[in-house]
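Since every read-out is calculated from the coordinates, none of them should be taken as a lab result. Since we're looking at a predicted model, the values are computed, not measured. Reconstructed Cβ throughout: ideal geometry from the backbone, glycine too, with neighbour counts over all protein chains shown.
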Amino acid sequence: MIDTITKQPTAGLIGQLAQPSAAYKRSARLAVAGLLGFVLGYFTLAAFFLWNAWRLGHTALHADDAGRLWLLVGCNVFFGLFMLKSLFFVRQAMPAGLTEVTAKEMPRLFAFLHELADAAGAPRAHRVFLSNRVNAAVFYDISLLNLLLPSRKNLEIGLPLVNALPLGELRAVLAHEFGHFAQRSMAVGRWVYVAQQVAGHLVAQRDKFDSLLDWMARIDVRLRIFAWVLQLVVWSIRSLVEMAFRVVLLMQSALSREMELQADLVAVALTGSDALVHALHRLHAADDAWQRALQFAHNEAAQGCAVADVYAVQSLITRRMAAILDDDAYGRVPPVPAEAPARHRVFREQLGHPPRMWQSHPLNHEREENAKRHYVAAAIDGASAWSLFEQPAVLRERMSAALVGHPQPPLAPVPLPDTLQKVARLYRREQFNRRYCGIYFGRDIARHAACAADLRQPVPADVAYGATLYPATLRDDVRQLRALREEREQLQALVVGRTTARDGRVRLRGENCARRELPAALARTTRELEEVEERLRAHDLRCRGWHQAMARQLGGGWQEYLDGLLAVLHYAEHAAADVADAHGAAMNVVAVETAARRIGSDAILRVVTSANGLHRVLELVYRTASHLALDARLCRRLGAEEGCRELLGEFLLPPAQPDNLGSWLPAVGHWVEHTLNRLSALRSAALEQLLVAEALVARHARRGTVPQPAPAPTTVPAGYATLPPGAERPRRDKLDLWTRFLRADGWLPGGARLLVAASIVAVTLFAGLEQGTSTAPQGNRTDALNAAGSVVLVK
């Protein structure tokens with residue numbers, strides 16, 4: 001609902017728009033109360049253990065049989081120090097990868113920031129940092145001292161964000177950050193951050209305190225029960241702290257959402273309702289293009305070449321991806337209509353959302369509704385945001401060099417035009433040609449087939465037939481494929497409970513859908529998706545079949561050449577799927593077996609077994625890859641003149657053993673990443689070469705000319721592992737009841753763990769109090785009896 005429309009943003013609007021709402025005030029009170037309750041409870045419990053130790057020690061000094069008391073003193077000191085030790089592990093909140101700039105270096109930037117802060121009525125940034133993240137953020141220098149003394153706020157500005165936004169939208173983003181600068185409730189965030197470090201270290205870290213208990217349990221069987229009791233109390237303390245801090249995080253998340261909405265209104269008051277929404281819309285494409293640009297830069301660095309300006313690569317990839325995806329909304333924002341601009345919406349609500357209680361930010365469609373509830377019309381400055389920086393080209397080169405550190409030997413500089421030409425070639429590949437209507441982007445071509453021979457079918461050897469292979473209507477099927485995949489993913493998340501609908505009903509294709517109807521809706525979407533996929537696979541068969549027929553007529557070994565490329569495409573897709581699935585299955589076993597944070601010998605054996613299953617898959621892939629015989633053109637396209645052995649290298653990872661799991665699991669992750677990257681390169685090169693060869697065959701067939709003889713075809717091993725869709729290794733998606741209890745996974749297991757832990761701690765506290773009062777010093781008892789007798793005699 002739109003309340004009013006304002007024609008121009010002004011600083012005076014801040015007082016009208018950004019007043020804390022009732023929900024904001026309520027969330028702030030609850031967050032402060034929850035945090036104070038947590039801190040008070042935490043230190044009270046720690047202080048009680050130490051006080052009880054002092055009290056029992058004082059009693060033991062005057063007791064005849066003090067051995068048992070001194071043992072209790074040691075236990076209470078142990079528990080008190082166990083809780084207080086976490087205070088010494090609070091670390092600074094300085095994010096990594098930041099480069100500080102000053103007003104002397106960047107006068108235009110600081111003048112812009114100061115003007116914006118003053119207009120927002122916010123304090124100016126204490127320090128300003130540049131980063132290579134698609135982000136802008138406020139952060140503090142955090143220490144225990146800052147719990148009592150206010151800490152100044154620092155500002156991070158991500159240059160990939162600067163590169164992706166025009167000046168008017170960047171102004172809106174930074175106005176939002178200065179909206180946070182003005183919020184007094186930001187102090188709650190730094191307190192919660194410190195408390196989170198304390199609680200996280202206590203709950204998650206295993207240190208010398210735990211090692212001491214393990215050592216006690218091993219040295220003597222008589223100490224085992226005693227050590228087990230201490231471990232039980234330690235577990236209970238950790239459980240209580242974790243559960244209590246979950247409540248704090250819930251309250252902080254609710255406050256954080258309200259703070260985001262209020263900061264958005266500061267941006268609306270200063271820059272209008274559209275600028276911030278447009279910036280949010282561009283973030284997805286900016287982040288996607290930046291990740292692709294980073295991958296390109298690191299690949300170049302691995303070859304000894306330095307990318308002079310990664311931001312220019314990001315901009316070029318953004319433009320090319322919009323064309324490849326045939327998506328006008330990728331990196332671009334639809335224009336605001338002249339009529340009823342306040343009703344124009346950029347974001348649409350998803351079918352389901354993650355549980356709101358854990359969200360620290362509102363969803364984008366909620367932020368848009370909030371920004372346009374009081375619509376402020378304003379033109380958006382389309383100038384380059386780089387105009388805020390002195391010598392932006394020098395800055396871009398310096399920050400680009402920081403991405404790869406200081407390699408030895410130094411990387412060879414590559415002129416930027418040469419780099420951009422290389423990027424353009426990568427994104428101008430045949431498979432991205434618009435005439436294919438996007439059918440070869442983002443979908444497997446060969447994975448569904450049991451063998452490469454199933455990837456083609458006989459068709460009439462009619463030259464005219466080839467002109468109809470890629471009709472414009474194919475684009476509609478490709479778009480429908482993407483839409484149905486997204487819809488199925490959202491419905492699956494709703495059905496299994498990963499996401500929820502806000503009001504219990506889902507708005508699906510313009511109609512309300514109750515929760516009980518979701519499985520039927522998911523089945524319908526899956527069926528429609530399978531129909532579209534079947535149509536596209538039938539299209540692939542016709543394409544391959546027609547080109548095979550034309551190649552057979554042309555002769556010169558072209559049919560065999562196309563067959564070889566199809567075979568290696570089939571191999572690469574199945575090998576990559578098998579490796580990824582085996583890795584996923586192994587990591588699933590690791591996650592399940594370590595869910596309770598303690599792992600026994602049987603669980604270790606299950607992890608080793610699954611890990612060696614992954615090892616066998618990798619070993620087979622490397623062995624079969626060494627028998628691939630790639631054709632010369634495919635080798636050149638891969639940059640592997642010696643074939644696939646050079647592409648993958650030698651497999652040197654030993655099998656997993658119980659005593660090397662700690663180092664083996666991280667190492668296998670690197671091997672899997674390397675293998676998948678190389679198989680992906682092989683798959684992409686094979687598809688590219690196949691389409692190039694098919695285009696050559698089609699061109700000669702239409703002209704009636706005869707091409708040069710084909711290169712010697714690629715050959716693949718006779719037997720290699722295949723993994724068709726639906727044959728993936730089983731996963732465990734549910735934990736057993738005991739593990740759920742230990743993790744407090746769900747309301748019932750969480751409540752049960754809280755009750756058990758609280759009972760154990762309460763019994764421990766009560767026992768300490770009872771022991772101290774029931775064991776009075778012997779001398780004091782005698783004095784008391786004499787005093788009582790004296791009273792009797794006097795009477």
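If I take all pairs of Cα atoms in the chain, what percentage of them are more than 51 Å from each other?
Numbers: 96507 of 315615 pairs.
Pairs farther apart than 51 Å: 31 percent.
Order of 748, 469, 276 from fewest to most other C-beta atoms within 10 Å?
Values: 748 12, 469 17, 276 27.
So the residues, fewest neighbours to most, are 748, 469, 276.
Checking a compactness column here: for the stretch 430-733, what do you get for Rg(Cα) / (2.2 N^0.38 Å), N being the number of residues? The partial results should precede the final answer.
Values: Rg = 22.7 Å, N = 304, 2.2 N^0.38 = 19.3 Å.
Here the Cα radius of gyration is 1.17 times the empirical estimate.
Long-range amide H contacts for residue 508: which residues qualify at under 5 Å (H placed 1.01 Å from N, peptide plane, sequence gap of 5 or more or a different chain)?
Hits under the 5 Å cutoff: 513.
State, to one decimal in nm, how far the label point of residue 384 lies from the label point of residue 695, with both points 7 Å from Cα in the Cβ direction.
Placing both labels 7 Å beyond Cα along the Cβ direction yields 3.2 nm.
What is the calculated FRET efficiency for residue 718 to residue 81, with r their C-beta to C-beta distance and R₀ = 56 Å, to the nearest 0.05?
Computed FRET efficiency for residue 718 and residue 81: 0.25.
Would you work out the relative contact order for the chain, in percent, from Cα pairs under 8 angstrom that are 6 or more residues apart? Walk me through the numbers on the way to the answer.
Details: 1010 pairs, mean separation 116.5, N = 795.
Computed over the chain, the figure is 15 percent.
Each residue of the stretch 205-215 in turn: what ³J(HN,Hα) in whole Hz from Karplus with 6.51, -1.76, 1.60 and θ = phi - 60°, glycine and Pro shown as x?
7, 10, 10, 5, 4, 5, 5, 4, 5, 4, 5
Multiplying the sequence separation of residue 703 and residue 433 by 0.36 nm and subtracting their Cα-Cα distance, what value in nm do you get? Mind showing how you got there, number by number?
Details: separation 270, 0.36 × 270 = 97.20 nm, distance 2.15 nm.
So the chain would gain 95.1 nm between residue 703 and residue 433.
How many angstrom lie between the C-alpha centres of the stretch 496-544 and the stretch 188-225?
Centre-to-centre (Cα) distance: 47 Å.
Cross-chain or 8 or more residues apart, Cα under 23 Å: how many lysine pairs in the chain fit that? Count them up, please. Let's see the in-between values first.
Values: 7/372; 25/153; 25/372; 85/208; 104/153.
Pairs that pass both the separation and distance tests number 5.
Give the separation of the Cα centroids, the stretch 384-426 to the stretch 102-134, in Å.
Here the answer is 24 Å between Cα centres.
Find how much the distance from residue 591 to residue 105 grows on full extension, using 0.36 nm per residue of separation minus their present alpha carbon separation; answer in nm with one decimal.
Working: separation 486, 0.36 × 486 = 174.96 nm, distance 4.85 nm.
Full extension from residue 591 to residue 105 adds 170.1 nm.
Run the simple label-point estimate for residue 767 and residue 16 please: 7 Å along Cα→C-beta, distance reported in nm.
Distance between the two pseudo-spin positions: 6.7 nm.
Once phi is turned into ³J(HN,Hα) by the Karplus curve 6.51 cos²θ - 1.76 cosθ + 1.60 with θ = phi - 60°, what whole-Hz value does each residue of the stretch 712-722 show in order, with x for glycine and proline?
Values, residue by residue: 4, x, 6, 10, 10, x, 5, x, 8, 5, 10 Hz.
Sort 245, 347 by Cβ crowding within 10 Å, fewest neighbours at the top.
Values: 245 23, 347 15.
Ranked by crowding around the Cβ, least crowded first: 347, 245.
Be a star and scan the stretch 213-232 for residues whose amide nitrogen sits under 12 Å from the point 7 Å along the Cα-to-Cβ vector of residue 604.
It comes to no residues whatsoever.
Arrange the following residues from fewest to most other Cβ atoms within 10 Å of their Cβ: 470, 140.
Numbers: 470 17, 140 21.
Ordered by Cβ neighbours within 10 Å, fewest first: 470, 140.
Once fully extended, how much extra length lies between residue 733 and residue 756, figured as 0.36 nm per residue of separation less the alpha-carbon to alpha-carbon distance?
Contour length minus Cα-Cα distance gives 5.7 nm.
Lys and Arg at +1, Asp and Glu at -1: add these up for the other residues within a Cβ distance under 14 Å of residue 545 and post the number. Don't skip to the answer; put the middle values down first.
Numbers: positive: 456, 537, 542, 544, 552; negative: 454, 462, 540, 563, 694.
Net local charge, residue 545 excluded: 0.
Just how large is the dipole of the chain about the Cα centre, in debye to the nearest 20, putting +1 at every Lys and Arg Cβ and -1 at every Asp and Glu Cβ?
Working: 91 positive and 77 negative charges, 212 e Å.
It works out to roughly 1020 debye.
Nearest 5 is fine: what % of DSSP beta bridges in the chain come out antiparallel, could you say?
Values: 15 of 26 bridges.
Of all bridge pairs located within the chain, approximately 60 percent are antiparallel.
Taking the Cα centroid of the stretch 649-682 and of the stretch 553-569, what is the distance between the two, rounded to the nearest whole Å?
34
Ordered by residue, what ³J(HN,Hα) values in Hz, to whole numbers, does the stretch 125-138 give under the Karplus form 6.51 cos²θ - 1.76 cosθ + 1.60, where θ = phi - 60° and Gly and Pro are x?
Residue by residue, the stretch 125-138 yields 5, 5, 9, 10, 10, 9, 9, 9, 10, 7, 6, 9, 7, 9 Hz.
Among 129, 175, 579, whose Cα lies farthest out toward the positive end of the dipole of the chain, if unit charges sit on the beta carbon of Lys, Arg (+1) and Asp, Glu (-1)?
In the chain, that residue is 175.
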